[in-house]
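The values are calculated or read from the model by the stated rules, or taken from the named source; none is laboratory data. Everything numeric here is computed off the predicted structure, so don't read it as measured data. Note: ideal-geometry Cβ built from the backbone for every residue, glycine included; neighbour counts use all protein chains shown.
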Amino acid sequence: MSVRTGVAPVLSAALPVMLGYVTIGIPCGVMEAEVGLSPLMAFLLSASFYSGAGQFMMSSLALVGTPVLSMVASVSLVSTRQLLYSAALSPYLAGASRPLAALFAATVTDESFGVNLERFSADDSWNATKATAVNLMSMFSWALANALGAIVGPALAIPTAIMSFAMTSIFICLLACREWARRTVVCAVASALGVIVLKALGLGSIAVLLGALVGVVAGILLGPRSREGAGHDHE
Amino acid sequence: MTTSDFLVFYACVLLVILACRCIPLLALKGRELSPRVSDALGLIPPAAFAALVANDLFDPSKAFSWEPLVAAVAVLLVARRTGSLIWCALTGMGSYALLTLVL
């Protein structure tokens, strides 16, 4: 992999996600220290779970003394949206070896899903190796930031809401940079409304998964892509 | 949280996370998908990003707050103009901090 054709594009794709993970990983590590995790445990947990939402939820539930089975159910439900990402990415991994595909799949997050999907659809040279490199670099930045947060501990007062807005901003960018055909807009609006309604009904833990499915169904009901002309969505 | 509780939690959740991440991709990889399935898969990204944004911006259990919405509009403008994830993240954090801490 040469610098110009390999490393540079991977760094360019991974850097925004890595910076975002550092800003949000440190407060996540601070919360994990409050639960009793050592910096090494925070690192290992972050490198294997690799789930911001899941780890924040774990800490907040543990701090209020939630029974372990309820914690398992809550964090598992939050993670179910990964089913959609995994399915959506499958066409791009057709030529990859099974171990590489498994490593790639095991390290996909909300953010790396968006970044890699954008590259797969816009860059013919983007492949499973580069995509996995983006995932792993992002993962290490997340795990290191968590370990750093666990080292610093509660001494560091960080406004988590502001830090986590970096991730929200990344999602907004990934959404806004798509071609806004009528079908895409209907799909996105239905999805957002679905999430709001589900959260209002107290189903916050599965709101993202079910809300996204509502959006997909709305898009399907609106008719196939060919009616609007192919190519406005890259996937 | 005791050590045994943590280990049970860790093992169970890790299993679920890996299954959710790996099974669909490995099961569908390399298969010829019908146009309907491909079409549905193509709708997942906008649906997922919209769901994630809505999940972050709206919380019916809390009082309505306009700061994140205004910051989101600022990010939207930067996104349409630059398409840069870094500029969007910086704009988002900066504008949200300005709105909540300064104003």
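Annotation: of all residues in the stretch A:35-54 being under 16 Å from B:Val16 (Cβ atoms) and aliphatic (A, V, I, L, M), the one that is farthest from the other protein chains (Cβ to nearest Cβ) is A:Ala53. If I ask for residues that are over 18 Å from the mean Cα position of the chain (by Cα) and either at pLDDT below 90 or part of a loop (DSSP other than H, G, I, E, B) (or both), which ones from the stretch A:73-102 would you list? Scanning the stretch A:73-102 gives A:Ala73, A:Ala94, A:Gly95, A:Ala96, A:Ser97. Is there any pair linking a residue in the stretch A:99-124 that is farther than 18 Å from A:Thr168 by Cα to one that is assigned to a loop (DSSP other than H, G, I, E, B) and of a type in the set (Phe, Trp, Tyr), with Cβ under 9 Å and at least six apart or on different chains, and which? Listed by first residue and then by second, the contacts come to A:Ala106/A:Tyr50; A:Thr107/A:Tyr50; A:Arg119/A:Trp126; A:Phe120/A:Trp126.
Go through the stretch A:24-38 and report how many residues are part of a helix (DSSP H, G or I) and either surrounded by fewer than 19 Cβ atoms within 10 Å (Cβ to Cβ) or not assigned by TED's automatic domain parsing to the domain that holds A:Ala106 (or both).
Filtering the stretch A:24-38 for residues part of a helix (DSSP H, G or I) gives A:24-35.
Keeping just the survivors that are either surrounded by fewer than 19 Cβ atoms within 10 Å (Cβ to Cβ) or not assigned by TED's automatic domain parsing to the domain that holds A:Ala106 (or both) gives A:34-35.
Looking only at that region, the number is 2.
Among residues of the stretch B:74-103 that are within 9 Å of chain A (Cβ to nearest Cβ) and over 13 Å from A:Met167 (Cβ atoms), none has a Cβ under 7 angstrom from a residue that is basic (Lys, Arg) and assigned to a helix (DSSP H, G or I) at a sequence gap of 6+ or on a separate chain. Residues in the stretch A:150-184 that are more than 7 Å from every other protein chain (Cβ to nearest Cβ), over 22 Å from B:Gly92 (Cα atoms) and in a helix (DSSP H, G or I): 8 in all.
So, in the stretch B:39-64, of the ones that are of a type in the set (Gly, Ala, Ser) and within 7 Å of chain A (Cβ to nearest Cβ), which residue ends up surrounded by the most Cβ atoms within 10 Å (Cβ to Cβ)? Full working, then the answer.
Taking the stretch B:39-64 first, the residues of a type in the set (Gly, Ala, Ser) are B:40, B:42, B:47-48, B:50-51, B:54, B:61, B:63.
When the remaining residues are screened for being within 7 Å of chain A (Cβ to nearest Cβ), the result is B:40, B:42, B:47-48, B:50-51, B:54.
Numbers: B:Ala40: 19, B:Gly42: 21, B:Ala47: 30, B:Ala48: 30, B:Ala50: 29, B:Ala51: 33, B:Ala54: 25.
Filtering first and then ranking leaves B:Ala51.
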